[in-house]
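Chemist: The structure follows.
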Amino acid sequence: MILAAALAVQAYRGRDVAQGLAPPLSGAIVSGRFFDLAQLRGKPALVYFWATWCGVCKAMQHNIDALAGDVPLITVALQSGDAVAVGRFLQERGIVQPVLLDEDGEAAARYGIRGVPAAFVLGPDGAIRYVALGYSSEWGLRLRLWLAER
């Protein structure tokens, strides 16, 4: 009964999530370099939406850190402030992944998410293969990335 309720809640939360080819995502990352989602094509990749004010995101950060050295990824800071504020947050916590700002929530809207954390696993062709809403373990994400390559 609890599992059925949890699955129903997950299905409701994901009802508007993007499918098919991942929506465009580009711009200057916090470090100042330019990023375009097309850069991640060719291998399974991760697009991870998070926020500085999100407690679950803070708990999940070590999972993203563990993936960062092995997997092409971009993280997107949703409504977390400007580059200076987010840069300070990253520096204080030793986060080194590339971070694209989504100050107005426009990118999150294109991806159809209403909350964070949200992880999109892309196949080598740039298509969304899996979506994880809420907390995801490192190994759960690794499994999805491995399956996206098949």
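The values are calculated or read from the model by the stated rules, or taken from the named source; none is laboratory data. All of these numbers come straight from a predicted model, not from anything done at the bench. Note that we place each Cβ from the backbone using ideal geometry, even for glycine, and neighbour counts take in every protein chain shown. All accessible areas refer to the heavy atoms of the entire protein, side chains included, with ligands and DNA or RNA removed. Shrake-Rupley method; radii C 1.70, N 1.55, O 1.52, S 1.80 Å.
Yes/no per residue for (1) among the charged types (D, E, K, R); (2) out of contact with any Gly (no Cβ under 8 Å at 6 or more places or on another chain); (3) part of a strand (DSSP E or B):
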| site | (1), (2), (3) |
| --- | --- |
| Gly27 | no, yes, yes |
| Gln39 | no, yes, no |
| Lys43 | yes, yes, no |
| Phe49 | no, yes, yes |
| Val56 | no, no, no |
| Ala59 | no, yes, no |
| Asn63 | no, yes, no |
| Val71 | no, yes, no |
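Chemist: Also, I was wondering about something else. Starting from residues that are out of contact with any helix residue (DSSP H, G or I) (no Cβ under 7 Å at 6 or more places or on another chain) and open to solvent by less than 70 Å² (accessible area, probe 1.4 Å), keep the ones in segment 64-73 and report whichever is farthest from Leu25 (Cα to Cα).
Modeler: Checked segment 64-73; the qualifying residue farthest from Leu25 (Cα to Cα) is Asp65.
Conditions (1) over 13 Å from the mean Cα position of the chain (by Cα); (2) over 17 Å from Leu25 (Cβ atoms), marked per residue:
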| residue | (1), (2) |
| --- | --- |
| Trp53 | yes, yes |
| Cys57 | no, yes |
| His62 | yes, yes |
| Thr75 | no, no |
| Gln79 | yes, no |
| Gly87 | yes, yes |
| Arg93 | yes, yes |
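Chemist: Here are some residues: Arg114, Arg110, Arg88. Which one is charged (D, E, K, R) and modelled with pLDDT under 95?
Modeler: Unique residue meeting the criteria: Arg114.
Chemist: Taking the criterion of being in contact with an Asp or Glu (Cβ under 9 Å, 6 or more places away or on another chain), outside any loop (DSSP other than H, G, I, E, B), modelled with pLDDT of 95 or more and buried (at least 21 other Cβ atoms within 10 Å of the Cβ), would at least one residue in segment 134-143 satisfy it?
Modeler: No - not one qualifying residue is present in segment 134-143.
Chemist: Additional query: Looking at Arg88, Arg129, Arg114, which is the one that is open to solvent by 50 Å² or more (accessible area, probe 1.4 Å) and either assigned to a strand (DSSP E or B) or under 20 Å from Gln39 (Cβ atoms) (or both)?
Modeler: Details: Arg88 fails: either assigned to a strand (DSSP E or B) or under 20 Å from Gln39 (Cβ atoms) (or both); Arg114 fails: either assigned to a strand (DSSP E or B) or under 20 Å from Gln39 (Cβ atoms) (or both).
Answer to the check: Arg129.
Chemist: Residues in segment 8-26 that are at pLDDT 95 or above, within 16 Å of Gly105 (Cβ to Cβ) and either exposed (fewer than 15 other Cβ atoms within 10 Å of the Cβ) or of a type in the set (Phe, Trp, Tyr) (or both): how many?
Modeler: Counting residues in segment 8-26 that are at pLDDT 95 or above, within 16 Å of Gly105 (Cβ to Cβ) and either exposed (fewer than 15 other Cβ atoms within 10 Å of the Cβ) or of a type in the set (Phe, Trp, Tyr) (or both) gives 1.
Chemist: Now for a separate question. Give segment 133-150 a look and list any residue that's in contact with a Gly (Cβ under 9 Å, 6 or more places away or on another chain) and either within 14 Å of Ala45 (Cβ to Cβ) or among the hydroxyl-bearing types (Ser, Thr, Tyr) (or both), or say none.
Modeler: Ala148, Glu149
Chemist: Within 24 Å of Pro23 (Cα to Cα), crowded, with 19+ Cβ neighbours inside 10 Å and among the acidic types (Asp, Glu), is that true of Asp102?
Modeler: yes
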